[in-house]
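Here is the structure we will look at.
The values are calculated or read from the model by the stated rules, or taken from the named source; none is laboratory data. Only a predicted model underlies this, so the values are computations on that prediction, with no experimental measurement involved. Using ideal geometry, Cβ is built from the backbone for each residue, glycine included, and neighbour counts are taken over all protein chains shown. Quick note on the areas: whole protein, heavy atoms, side chains included, nothing else; ligands and nucleic acids left out. Shrake-Rupley method; radii C 1.70, N 1.55, O 1.52, S 1.80 Å.
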Amino acid sequence: MKNQTNLSPIKSTKPIPLYSSEQLYAMEQAWFVEGHDSFGLMKQAAWQMAQHIEQLYEQKQLNIYSSATTYVPRRHMRQHRVSIWVGKGNNGGDGWLIAHYLQQTGWQVQVVTVGFESDDFDTNDTTVFSDAQKALKEALLANCPYQRFENSACELEEVIDGNLQADVYIDALFGIGLDRAPTGIYKTAISTFNELSERNSTLAIAVDIPSGLVASTGEVFEHVAIQADITLCLIARKFGLHTKDGMDHSGKVIDIPLIPYPINDKRFRPVATLITTAYGLSPRRQNSYKGSYGHVLIIGGNRIDGSQGMGGAAILSASSSMAAGAGKITVACHEAFHSALLTSLPDAMTINLHDMDGVQELIKSATVIAIGMGLGRDEKAKVLFIKYLQTAMTAKKAIVIDADGLYHLASLQLEHHELVSQLREYSVNHQVCLTPHSGETARLLNKRISEVESNRLQAIKQCATTYGGEWVLKGAGSLILEQGLDEHHVYVCAVGNAGMATAGTGDVLSGVIAGLLAQQDLSSGMQSLHQAVVIHGLAGDTLVNQSNNTLLVGQRGLQAQDMPAAIRHVMQLLINVYNYH
């Protein structure tokens, strides 16, 4: 219901800085230290959110009317109903004030309280300590009606079918401080909220962040979190909204900045940058030939005794390198796959993966070495990996490591093999790109997958520290870490879709990375790792969303072999973008 996909293959949107919850608290405190009132900020936030809620509901109604055969004038409509679910913290305080402001503009308001005691509603009590209590008191004095969810939770079916019906549901239960699974009455409230908004097909709007989602990591514990259509994000964009579970729970994110903060202050340097747009690609010079655009050597596609082998991985990677524009491709794979490779890619060259002398000579003449896709995990493959990687470093080549290459690298780290430190030192001055998913990352860091997934940002940084190089941590909201002059930069890819969660798309990504690195006519930005990841994601979106072209296959049917054609399509669109600007 809430899963958002990109409807246009190329979007001209600016990068968005992303922050941790700790940074958000620091921004607020810096604002208060300057003498600004915290309750004043809460009222400002609530007022702006109330305006957005009215506009969003009005837009939804207009969309409904535009598809109807007759138009119903607004003045003849019944009063709008809003159900606002509040907890006891500042997020709940925002909710109380939203209720107050919407009631003032004519909405039928109902506040649903979760986790409150009966004496919390005593307006005669003059002891008010927190902004949330001030907000509650102000709403009650304005006669905003409320209902205690604690009193009705035992009769959920009656509640769902009856007295909690609304046109808009507002989640103001938890804010950015949550770091564990909601339990008890809170868990039940979140489940009921989701069922109500789903059953009634109404707008579900989260205040600042969907309750149950961890702002700094994007994690949802035990599948307990609000499913929002829209998140009204206060002050600055939260990292967790755009990676891991955040993408499934946040819906469309609307920023409400509220306060300025000094961007030169190191405390407020973003933890990552959200990107949706690739750089336009410069057209090629007429006076050029295949050698002008680099030579990619794909090393993989092995056949282990007793298996059918993994030739497809190398073929997919090679095909994608070509689609990304590499001048020529050689695939070092098992001889059993040479015929299949030449049948699918007649313009590729082949060599026997186990011809060590021949492959080493090719490494010396190639521009980029991509190793690991279907290489195999036995000891023979490990020996080949070590030898070929050492040769690539000696020859000072750009290197892409994926799949079984990452498996062997993790083993070498556990063995304290010198190759790991050599690679780390080599990557300081040479391009080395590594592209694990969370399972491979866990093995590289000798951790459990759950540990990696609980803090993907920390995991990718640890990989860079341990092994050097630049990294993609694949997944929902793939993370890209690139090395800068003084520090690393982390990007979150906001394109791509769940249809790409299928075998072989990782091999395709490795091919795109290698293909861009091979083209020395491109600028550093056009060759960058985050450029490759965005192109890969845009290609996947083209296959899923572009109903006006012949590439459409849809999420359920998307296969890795569909990707090269879509990559070629995106590459041409990016040349058009460059020419236009």
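Computed quantities for the displayed model
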item: Residue that is surrounded by the fewest Cβ atoms within 10 Å (Cβ to Cβ) [pool: residues in region 218-245 that are among the polar types (S, T, N, Q) and over 13 Å from the mean Cα position of the chain (by Cα)]; result: GLN227
item: Residue list for region 498-521, filter: assigned to a loop (DSSP other than H, G, I, E, B), in contact with a Leu (Cβ under 8 Å, 6 or more places away or on another chain) and either under 18 Å from ILE460 (Cα atoms) or open to solvent by 20 Å² or more (accessible area, probe 1.4 Å) (or both); result: THR502
item: Which listed residue, of ASP248, ASP347, ASP265, is under 30 Å from LEU203 (Cα atoms) and of a type in the set (D, E, K, R); result: ASP248
item: Close pairs from region 187-208: first closer than 19 Å to GLU222 by Cβ, partner β-branched (Val, Ile, Thr) and part of a helix (DSSP H, G or I), Cβ under 8 Å, at least 6 apart; result: THR192/VAL159; THR192/ILE160; GLU195/ILE160
item: Residue satisfying condition, being part of a strand (DSSP E or B) and surrounded by 23 or more Cβ atoms within 10 Å (Cβ to Cβ), within set ILE329, ILE315; result: ILE329
item: Strands (runs of 3 or more DSSP E) wholly inside region 90-174 containing at least 1 residues that are at pLDDT 95 or above and of a type in the set (A, V, I, L, M); result: 108-113, 168-172
item: Every residue from region 279-306 that is open to solvent by 10 Å² or more (accessible area, probe 1.4 Å), part of a loop (DSSP other than H, G, I, E, B) and closer than 30 Å to LEU375 by Cβ; result: ARG303, ILE304, ASP305, GLY306
item: Subset tally (residues that are buried (at least 20 other Cβ atoms within 10 Å of the Cβ) and part of a helix (DSSP H, G or I)) for region 546-561; result: 1
item: Helices (runs of 4 or more DSSP H) completely within region 374-483 that count 2 or more residues being open to solvent by less than 20 Å² (accessible area, probe 1.4 Å); result: 379-394, 404-414, 418-426, 438-445, 456-467
item: Condition met for HIS536 (open to solvent by 40 Å² or more (accessible area, probe 1.4 Å), in contact (Cβ under 8 Å) with a residue 40 or more places away in the chain and not in a loop (DSSP other than H, G, I, E, B)); result: no
item: Residues located in region 180-217, provided they are in a loop (DSSP other than H, G, I, E, B), surrounded by fewer than 23 Cβ atoms within 10 Å (Cβ to Cβ) and not β-branched (Val, Ile, Thr); result: ARG180, ALA181, SER201, SER216
item: Number of the exception - VAL420 against (1) β-branched (Val, Ile, Thr); (2) touching a helix residue (DSSP H, G or I) at 6+ places or on another chain (Cβ under 6 Å); (3) in contact (Cβ under 8 Å) with a residue 24 or more places away in the chain; (4) closer than 27 Å to GLY504 by Cβ; result: (4)
item: Qualifying residues in region 89-98 (those that are surrounded by 24 or more Cβ atoms within 10 Å (Cβ to Cβ) and touching a Phe, Trp or Tyr at 6+ places or on another chain (Cβ under 8 Å)) - the one nearest to GLN44 (Cα to Cα); result: LEU97
